[in-house]
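The values are calculated or read from the model by the stated rules, or taken from the named source; none is laboratory data. Owing to the predicted nature of the structure, the values given are computational and were not obtained by experimental measurement. Note: ideal-geometry Cβ built from the backbone for every residue, glycine included; neighbour counts use all protein chains shown.
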Ligand SMILES: [Zn+2]
Ligand SMILES: [Zn+2]
């Protein structure tokens, strides 16, 4: 019994996940306590570098592995692809090809037994446990589009060398440049890898546990600002699971989504293009559906909520169409369209107010 359980464990990954932080912490503490060959400035400088490197590593995963390769939510210039693949190698999360392929399976079979990191198997399993089993680690790669990408294929074929070079050797050299190679290796190498990994792992665990479900109540994926802060914007996970092709996870400008802002910045300097977004009328439709779900079988829904919801969605779709026309219009048409857009905006605001009142009334009626 015990023997068959042990056989299921993927020891290379398991030992790495445990030993990397353990050895790093022990080495760091011993060195700081018993050695006098370092200065406070070196510790602070290398820690600052590790923090910046850690953020960049996470962004290369969220912006690269996730939104670019797994979901194709925008197109990247080869230079940006090169940068993303280079930095992400140091995250020790597998190649972009394998990561994106597994992630597509996660979306396709979400919350079922076929989901490689299903939250239905518990927090620990979704967070890290799944990686410790052969069954999940050795899922076959099914991403023919990515296999054709030469840069992605190169990273996959030489993954281990790339990972060690970027994950450990580069921090070692950076540390040496700052006067202490060992601190570079331990803080910007081992500990930074641990920090980066935990941030990504929270997307599979906490993002499916904490928060609200404003767009799809049937999904375990949730929207949470707290998780977004931990995961560089991936915490708006309910929206993401509902509209996975959208390059944004936090759709409002103020939603904490550094990954979205990085993609926008890349587009601004010509390194990204064709940023895909879902029409706001579609998003509104999903939101209204969730808000009125409990009243769906009532007469009040049929008579009041349903017609108002249709009107709101239609007005939203109309304003989006007009905005598109407005961006291409010339001369007098610009003024006509501007006026029409302003009028519909007022109409939408008033319809939204009516919606909120009707929802409150519906709640009082049950
Ligand atoms: Zn998910
Ligand atoms: Zn995703």
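Residue check: residue 249 meets all listed conditions (1) away from ligand 1 (no atom under 15 Å from the Cβ); (2) under 30 Å from residue 351 (Cα atoms) but one, namely (1).
Rundown of residues vs (1) away from ligand 2 (no atom under 12 Å from the Cβ); (2) more than 25 Å from residue 171 (Cβ to Cβ), yes/no style:
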residue	(1), (2)
46	yes, no
59	yes, no
69	no, no
75	yes, yes
90	yes, no
96	yes, no
113	yes, yes
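Checked against the criterion of being in the same structural domain as residue 174 (by TED's automatic domain parsing) and closer than 30 Å to residue 267 by Cα, the candidates 21, 78 yield just one match: 78. Screening residue 179 on (1) assigned to a helix (DSSP H, G or I); (2) farther than 22 Å from residue 78 by Cα; (3) more than 16 Å from ligand 1 (Cβ to nearest atom); (4) in contact with a helix residue (DSSP H, G or I) (Cβ under 7 Å, 6 or more places away or on another chain) shows it passes everything except condition (1).
Of all the numbered requirements in (1) out of contact with any helix residue (DSSP H, G or I) (no Cβ under 8 Å at 6 or more places or on another chain); (2) in a helix (DSSP H, G or I); (3) within 27 Å of residue 126 (Cα to Cα), residue 241 misses one, and that requirement is (1).
The set of residues in the range 83-93 that are in contact with a helix residue (DSSP H, G or I) (Cβ under 6 Å, 6 or more places away or on another chain) and not in a loop (DSSP other than H, G, I, E, B) comprises 84, 85, 87, 88, 89.
When 62, 57 are checked against the criterion of being within 16 Å of ligand 1 (Cβ to nearest atom), buried (at least 20 other Cβ atoms within 10 Å of the Cβ) and in contact (Cβ under 8 Å) with a residue 40 or more places away in the chain, 62 stands alone in meeting it.
Listed here are the residues, each with its yes/no results for (1) over 19 Å from the mean Cα position of the chain (by Cα); (2) surrounded by fewer than 17 Cβ atoms within 10 Å (Cβ to Cβ); (3) not assigned by TED's automatic domain parsing to the domain that holds residue 129.
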{"site": "226", "(1), (2), (3)": "no, yes, no"}
{"site": "246", "(1), (2), (3)": "no, no, no"}
{"site": "258", "(1), (2), (3)": "no, no, no"}
{"site": "264", "(1), (2), (3)": "no, yes, no"}
{"site": "285", "(1), (2), (3)": "yes, no, yes"}
{"site": "297", "(1), (2), (3)": "yes, yes, yes"}
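Residues 231, 213, 220: which one is crowded, with 23+ Cβ neighbours inside 10 Å, in contact (Cβ under 8 Å) with a residue 40 or more places away in the chain and in contact with a helix residue (DSSP H, G or I) (Cβ under 7 Å, 6 or more places away or on another chain)? Break it down stepwise before answering.
Numbers: 213 fails: crowded, with 23+ Cβ neighbours inside 10 Å; 220 fails: crowded, with 23+ Cβ neighbours inside 10 Å.
After ruling out the rest, the residue left standing is 231.
Of all residues in the range 216-223, none satisfies being away from ligand 2 (no atom under 16 Å from the Cβ), within 24 Å of residue 74 (Cβ to Cβ) and in the same structural domain as residue 54 (by TED's automatic domain parsing).
Suppose the filter is on the phi < 0 side of the Ramachandran plot, within 16 Å of ligand 1 (Cβ to nearest atom) and assigned to a loop (DSSP other than H, G, I, E, B); does residue 125 pass it? Taking the combined requirement at face value, the residue does not satisfy it.
Does the range 198-223 hold any residues that are assigned to a loop (DSSP other than H, G, I, E, B), within 23 Å of residue 55 (Cα to Cα) and more than 12 Å from ligand 1 (Cβ to nearest atom), and which are they? Matches in the range 198-223: 210 only.
Going through 186, 152 one at a time, which residue ends up being assigned to a helix (DSSP H, G or I), touching a residue at least 40 places away in the same chain (Cβ under 8 Å) and over 16 Å from residue 32 (Cα atoms)? Lay out the reasoning, then the answer.
Details: 186 fails: over 16 Å from residue 32 (Cα atoms).
The unique qualifying residue is 152.
Within the range 252-366, which helices (runs of 4 or more DSSP H) (wholly inside it) include 1 or more residues that are at pLDDT 95 or above, within 30 Å of residue 64 (Cα to Cα) and in contact with a strand residue (DSSP E or B) (Cβ under 9 Å, 6 or more places away or on another chain)? It comes to 258-268.
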